[in-house]
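Engineer: Quick one: the structure is below, questions incoming.
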Amino acid sequence: MERFRVRWSWLDAAIVAVAGGLGAVSIVLGPPSGGGATEWALVGTAAVALGLVRHVPLIVFAVEVALTLVGDSVLPAGSHVAPLAGVVALGAVAYRHRWLATAAAYLVGYATILVAFSSDEGGLLTGVDGLVRIVTLALTVATPVAFGRYLAGVRLAAAVAAERVRDAEQRRDAEMQAIRLAERARIAGDLHDLVAHHVSAIALQAGTAQYAATHAPDPEQRLSVAVDSLGAIHTSAGQALVDLRSLLRVLRNPSEQESLVDPEQMIADAVQRSRTAGLHVVAHLDEGAVEAPLTLRVTAARVVQEALTNALKHAGPGAEVETTVDVDDTQLSVEVANSGPVGPHPTLPTLPASGHGLAGMRERVEILGGTLAAGPTHTGGWRLRVTLPLGARS
C-alpha cells in the first residue's frame, strides 16, 4: 500500500514546474481549444500530481488516467498534458513495482489511450489502418514500461554489486580477525615456549634454596646451596631476558624469525638448564636430524623444552630423564621419559596454568600432521612421544 508521508524536495518542485510550464505553453501557443479555466485547472492538477510520482507512482498514475478521461470528456480537443504525465507515471510504476502491478498499470494505460483516441477518431478500431494504430499505440505505451524496467534492472544490479562488495569486505574483515587471533595465539605460544622453562627453573632453584636454608645440617652447606641456587637463578633469568628480546625483535620484524631460531641449540640449552636445576638428563640427538625441515626441528625443540619443564615441575631434582630425538626416512620422532619423583624435594611456588603446555604442543604437532602421546609409565614416571612426518610443510 502506498504511503502518503512525503518529503518534498527541489526535484519534486522542478518536476511540477516543468510539467506546468509545458502545459501552459501548449495552451498559450497551441490552437484554441475553448477549454478556458477548466483546461487550466486540468493542466495544473496534472502537473501538481506529477510532483508526487517519485513517492507514490501508482496513485499518481491513477490520478493522471482519471484526468485524461475527464479532459477527454469535458474539453473539445481533450488534454495533452494529463496523457503525457500518465506516460511518465507509468514508467515510474514499472521502475518501482513488480511485474504484476506494472502489467495492470500498462493495461489500464493502454485502455485509456484507446478510449481517448477512439472518441476523437471513430474509425480507430476498424480496418487495416485501425489495426496498425492499435499495435502502434500498444508499442508506444510499452516504451515507458520497458524503460522503467530497464532502470529497475540497473538499480538491482547496482544493489547486488554493492551487496557483494559488502560481503567481500565482511569476509576480508573476518579473515583479518582470524589472522590477528592466530598471530596472538602464536605469540602466546612463543612466550610460553621461550620463558616457561626459565621460570620453572628459577622457581625450582628458589625452592631448593629455601629448602636448604631450613633443612641443611650446617651453615656452610646452607650457604653453598644458596650460592649455587642464586647462580642458577641468575643464569636462567639472563637467558629468559635474551629470549624475550629475541622475541620482541621477531615481533617488530617477522622476517628475522627464521634467522633467530637454532633448534639444536634450543635443545642443548634446555638440557643444560635442566641439569643445573637438578635433573639427571641423558640426551640422544640423531645427527641426521639437522637435515629435517626447520619447522619440524623447531617443533621438536619446543616439545623437548616443554617435557623438561614438566619434569622439573612434577619429578623434581634427582629424577632421571632420557631425551631422544631420532629421524628415519619417513619421520622425525621425539621421546622424553622421566623416572618420576626421587624422594622428597622442595615444593615449587604455585604458578598459574598457562594453557599453552601439553595442549599447545599437541596443536602444533597436529598442524604438522604428526601425533603426540603422553602418559604415565609402569615405574611411576611419565613418557612423552611425538612423531612428525618428514612430508610436513617447512
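Engineer: For the structure I just gave you, tell me whether residue 187 is touching a helix residue (DSSP H, G or I) at 6+ places or on another chain (Cβ under 8 Å) and modelled with pLDDT under 80.
Structural biologist: It is true that residue 187 is touching a helix residue (DSSP H, G or I) at 6+ places or on another chain (Cβ under 8 Å) and modelled with pLDDT under 80.
Engineer: Going by the structure shown, is residue 347 at pLDDT below 90 and over 20 Å from residue 323 (Cβ atoms)?
Structural biologist: yes
Engineer: Same structure again: Pull up segment 350-385, narrow it to residues that are loosely packed, with under 13 Cβ neighbours inside 10 Å and hydrophobic (A, V, I, L, M, F, W, C), then point me to the one that is modelled with the highest pLDDT.
Structural biologist: Per the stated criteria, the residue is 373.
Engineer: Being outside any helix (DSSP H, G or I), modelled with pLDDT under 75 and within 21 Å of residue 145 (Cα to Cα), is that true of even one residue in segment 7-25?
Structural biologist: For segment 7-25, residues outside any helix (DSSP H, G or I), modelled with pLDDT under 75 and within 21 Å of residue 145 (Cα to Cα): absent.
Engineer: Moving on. What is the one condition in (1) within 19 Å of residue 308 (Cβ to Cβ); (2) modelled with pLDDT under 65; (3) not hydroxyl-bearing (Ser, Thr, Tyr) that residue 242 does not satisfy?
Structural biologist: The failed condition is (2).
Engineer: Being part of a strand (DSSP E or B), in contact with a helix residue (DSSP H, G or I) (Cβ under 8 Å, 6 or more places away or on another chain) and open to solvent by 40 Å² or more (accessible area, probe 1.4 Å) is the filter here; which residues of segment 290-339 pass it?
Structural biologist: 326
Engineer: Restricting the search to segment 34-62, which residues are within 50 Å of the chain's Cα centre (by Cα) and not small (Gly, Ala, Ser)?
Structural biologist: Across segment 34-62, the qualifying residues are 48, 50, 52, 53, 54, 55, 56, 57, 58, 59, 60, 61.
Engineer: Scanning segment 63-77 for residues that are open to solvent by less than 60 Å² (accessible area, probe 1.4 Å) and part of a helix (DSSP H, G or I), which turns out modelled with the highest pLDDT?
Structural biologist: Here the answer is 63.
The values are calculated or read from the model by the stated rules, or taken from the named source; none is laboratory data. These figures come from a predicted structure and were not determined experimentally. Because the Cβ atoms are built from the backbone with ideal geometry, glycine has one as well, and the counts that use them run over all protein chains shown. Each accessible area value is taken on the protein alone, full model and side chains, heavy atoms only, with ligands, DNA and RNA left out. Shrake-Rupley method; radii C 1.70, N 1.55, O 1.52, S 1.80 Å.
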